[in-house]
Amino acid sequence: MAKKLYERVGETAYDGLLVDHFPPADVMSVTVKSGEGALKRGSVLAMDSTDGKMSFLAAESSGTLDANCILAEDVDASSGDAVALAYRTGHFAANRLLTKGEYTLTFKDKEALRKGGILLSDAL
């Protein structure tokens with residue numbers, strides 16, 4: 001049986017999340033805490049230093065948790081902890097990042113991401 005080498009297997013639409021190839025976008029596996037709900041790619045996650053689990057960055061978490069990484073894929077943590085991929089480094093469009101509710105990234109959040117290797121730019 002002949003193989004079709006020209007067959008389309010899948011495709012990805014450009015969502016504008018990544019701005020540049022430097023620094024390289026590197027992913028890691030993270031555990032999103034139970035009860036965080038359905039999160040979309042581009043959500044900013046904050047790490048709880050007591051158990052290493054991630055929460056969706058929100059106003060109530062900004063004082064105790066630091067922004068840590070950016071979700072690389074959609075995940076649902078409504079009914080239990082969920083394992084997902086998140087970017088630990090990369091260059092991202094700040095206007096494409098998601099936070100909980102009306103919360104906007106603060107200087108402290110942006111600095112925490114930068115120290116971890118995540119650069120943000122105002123891209124269209």
Pairwise FRET efficiency - Tyr6 versus Thr64, Cβ, R0 = 35 Å, nearest 0.05 = 0.05
Cβ charges +1 (Lys, Arg) and -1 (Asp, Glu), total dipole of segment 46-106, debye | 240 debye
Only Lys, Arg, Asp and Glu count, each charged at its Cβ (+1, +1, -1, -1), so figure out the dipole size of the chain about its Cα centre, rounded to 20 debye.
-> 320 debye
Local net charge near Ser43, Cβ-Cβ under 14 Å (Lys/Arg +1, Asp/Glu -1) = -1
Quick one: helix 107-116 against the long Cα principal axis of the chain, what's the angle to the nearest 10°, folded into 0 to 90?
-> 50 degrees
Straight-line reach from Lys108: which lysines have Cα under 17 Å away, leaving out those fewer than 8 places along the same chain?
-> Lys100
Which ³J(HN,Hα) values, rounded to whole Hz and listed in residue order, are derived for segment 69-82 from phi using the Karplus coefficients 6.51, -1.76 and 1.60 in 6.51 cos²θ - 1.76 cosθ + 1.60 with θ = phi - 60°, glycine and proline given as x?
-> 7, 10, 4, 9, 8, 5, 8, 10, 10, 5, 10, x, 4, 10
For the chain, whose charge dipole is built from +1 on Lys and Arg Cβ atoms and -1 on Asp and Glu Cβ atoms, the candidate among Leu45, Met28, Gly101 with its Cα farthest towards the positive end is Met28
Counting sequence-distant residues (5 or more places) and residues on other chains, those with an amide H built under 5 Å from that of Ser43 are Leu71, Leu98
Along the Cα-to-C-beta direction of Asp20, a point sits 7 Å from the Cα; which residues of segment 93-124 have their amide N less than 17 Å from that point?
-> 93-96, 111, 113-124
Mind listing the phi-derived Karplus ³J(HN,Hα) values for segment 89-103, rounded to whole Hz, using 6.51, -1.76 and 1.60 with θ = phi - 60°, and x for any glycine or proline?
-> 9, x, 10, 10, 7, 4, 6, 9, 7, 10, 10, 6, x, 8, 5
Just from its helices, what would the mean residue ellipticity at 222 nm be for the chain, if runs of 4 or more DSSP H residues each count -39500 (n - 2.57) and the sum is divided by every residue, rounded to the nearest 500 deg cm²/dmol?
-> -2500 deg cm²/dmol
Which order do Met47, Met54 fall in if you start with the one that has the fewest other Cβ atoms within 10 Å?
-> Met47, Met54
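Taken together, the values in this text are just the output of simple stated rules run on the coordinates, not laboratory data. Since we're looking at a predicted model, the values are computed, not measured. Positions of Cβ are generated from backbone atoms using ideal geometry, with glycine treated the same way; all protein chains shown enter the neighbour counts.
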